[in-house]
Each structure stands twice: as C-alpha cells, then as structure tokens.
Amino acid sequence: YKVLGYKNPVAIIPNPVPAPDYLREIRRDNHIKRIGFLGRLHPRKNVEALIDAWCMLGNRVKNTQLVIIGKGDSAYEQMLKDRVRRNGLMNVDFSGFITGREKFEKLASLTALCVPSDFENFGMIVPEALSVGTPVIASLGTPWQDLETYHCGYWINNEVQAIAKAIEKVLELSFSEITQMGKNGQLLVENKYKDILIANIMKRLYEWILNGKEKPDFVYE
C-alpha cells in the first residue's frame, strides 16, 4: 500500500469464519480418497488445470475420484465437461451447487480440497474446508501460506504439473497422516480465523481509534 502512496495506518484483519453448531456432528469419510474443487465455475478459477492434472496422473488416480462442486459460467462449465469427456475420464463427478450443511458434509468427504485459482482475495472455502478437517491445496494466487506453515496443506504454483505433484503427495499419505493434517487445519481456524476472534480484533481496533488505547499489532503504519 505504501507503493501506492497511501500513508494512513492500515489494519490487516482476516475474514471471520463462522462455526455452525452442526460442524461437531459431521464425520469425515475415510473409505475412498477424493480430491475436490468447490466454488464458482469461472475461467479465473482455473479448474481446467485441475482436470489436466488429473489426466496427467493417469492410472495413479484410477481408484480415486475428482469431485467438482459448483455452478457458474455455463459456457465454461460445458468446456470443463467436454474436457472430461474428451479425455475419457470416468472418475470425475460434477456435483452442482450446494450450500449450508450439505456443503460442509461434502467438504468433509474429500481427502483434500484443491483451489487452483489464478487469484483470490481470501478464499472463504479454504478455512471452511479446514474447519471440517480437510487439508487444502491452494495456489500462490491465494494468501494461504498458512497451509505450509501449519502443515495442513500445500501452497503451490497453479500450473498443471505442480497441481498434479501436490495431488499425488496427498494420495500417497495414509489416512492417519491426512487426519493429522486435518486436525492441524482445524486448530489453525480455531486459533486464527474463528469469528469470535475476529470480533475481538475489531473491538481492539475501535478501542484504539476511539479511546486512544495501545495500537494493536495488526495495524501497520
């Protein structure tokens, strides 16, 4: 922001991640390994790179599933489906739009969520997946270095080869290793992104602005 000539204080605060009560009732599915995408189907989401990575992996993913969840640009969605059909992929499922509890249950059914977007400001789907114990593979176009720092996923280049390599790493993990990564992700959300924590951060910000209390450490000048 300084490069743009902005000189006022800047508070960097994450989006709050809600934790619905029913999350405690959702159980992970460890019977089959699945890689998934969940989001708006749009060219900047780079879902075609995920499909191409799946093709590249060939027989290494023959006993697994790729689940693409979401709706969006109809022409783009048709292009993705044509790509799947043209490559003869039989283990790719387009699940359509889901929300609410069903969304979290679907996330919990995944071995890992893949977010290959060219760019995301925050990407709410990342902490939502982590909150149900699902590791995440996210591109460098997302601000999610925490995935590497807290050992709950992979922060990678979103080129096809890099996506394929990350998927292969996940599929080679045992279910116990995946479970541990999932627990790491849940702790990350609990300790850094949970809605009540963000509410308290906002409270500290306004106490500094209005009452002259000590400047919070998330305010930069």
>> With just the Cα atoms defining each centre, how far is region 37-87 from region 153-169? Give it in Å.
In response: 15
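With n ≥ 4 as the cut-off for DSSP H runs, can you work out [θ] at 222 nm for the chain, using -39500 (n - 2.57) per run divided by the number of residues, rounded to the nearest 500?
Values: 8 runs with 88 residues, N = 221.
Using -39500 (n - 2.57) per qualifying helix, the result is -12000 deg cm²/dmol.
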>> With equal scatterers on the alpha carbons only and no solvent term, can you work out the Debye log10 of I(q)/I(0) for region 67-141 at 0.16, 0.17, 0.22, 0.24 1/Å?
In response: -0.67, -0.76, -1.17, -1.27
>> Given a 1.4 angstrom probe, I'd like the percentage of the accessible area of region 108-153 that is carbon and sulfur, rounded to a whole number.
In response: 54
> Under a GNM of the chain (C-alpha, springs under 10 Å), which listed residue has the highest mean-square fluctuation: S174, S131, S139?
Replying inline: S174
> For region 1-62, which whole percent of the accessible surface, found with a 1.4 angstrom probe, sits on carbon and sulfur atoms?
Replying inline: 53
> Once you put a point 7 Å from the Cα of N30 and another 7 Å from the Cα of H42, both along the Cβ direction, what distance in nm separates them?
Replying inline: 3.7
> Hey, rough spin-label estimate for D195 and S176, points 7 angstrom out along Cα→Cβ, what's it come to in nanometres?
Replying inline: 3.7
> Leaving out same-chain residues fewer than 8 places away, which lysines sit with a Cα under 16 Å from that of K169?
Replying inline: K33, K62
> Looking at I198, M79, V219, which one has the Cα that reaches farthest to the positive end of the dipole of the chain (charges on Cβ: Lys, Arg +1; Asp, Glu -1)?
Replying inline: M79
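P(r) tail for the chain, what percent of Cα pairs lie past 21 Å? Please report the intermediate quantities before stating the final value.
Working: 13886 of 24310 pairs.
Roughly 57 percent, rounded to a whole number.
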>> Please compute one quarter of the surface area of the Cα convex hull for region 1-71 and express it in square nanometres.
In response: 9.2
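Take the alpha carbon gyration tensor of region 1-127, find the square roots of its eigenvalues, order them as a ≥ b ≥ c, and report rounded if a/c is under 1.5; if not, report prolate when a/b exceeds b/c, else oblate.
Details: a/c = 2.24, a/b = 1.39, b/c = 1.62.
In terms of gyration-tensor shape, oblate.
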>> Return the equivalent ellipsoid semi-axes of region 94-207 as a descending list in whole Å, where each equals the square root of 5 times an eigenvalue of the C-alpha gyration tensor.
In response: 24, 16, 15
> Any idea what angle helix 47-57 forms with the longest principal axis of the chain, computed on alpha-carbon atoms, 0 to 90 degrees, nearest 10?
Replying inline: 50
> Can you list the lysines whose alpha carbon is less than 28 Å from that of K7, not counting same-chain residues fewer than 8 positions off?
Replying inline: K192, K203, K213, K215
> With +1 on each Lys and Arg Cβ and -1 on each Asp and Glu Cβ, how big is the dipole of region 66-184 about its Cα centre, in debye rounded to the nearest 20?
Replying inline: 300
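How fast does region 69-111 diffuse by Stokes-Einstein, in µm²/s, taking the Kirkwood radius from C-alpha pairs at 10 °C and 1.306 mPa s? Show your work: numbers first, answer last.
Details: Rh = 11.7 Å.
Rounded to a whole number, D works out at 136 µm²/s.
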> Taking the Cβ-Cβ separation of K203 and M79 as r and a Förster radius of 45 Å, what is the calculated FRET efficiency to the nearest 0.05?
Replying inline: 0.45
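The values are calculated or read from the model by the stated rules, or taken from the named source; none is laboratory data. Here the structure is a predicted model, which means the values were calculated and not measured. Positions of Cβ are generated from backbone atoms using ideal geometry, with glycine treated the same way; all protein chains shown enter the neighbour counts. Surface accessibility is based on the protein's heavy atoms, side chains included, excluding ligands, DNA and RNA. Shrake-Rupley method; radii C 1.70, N 1.55, O 1.52, S 1.80 Å.
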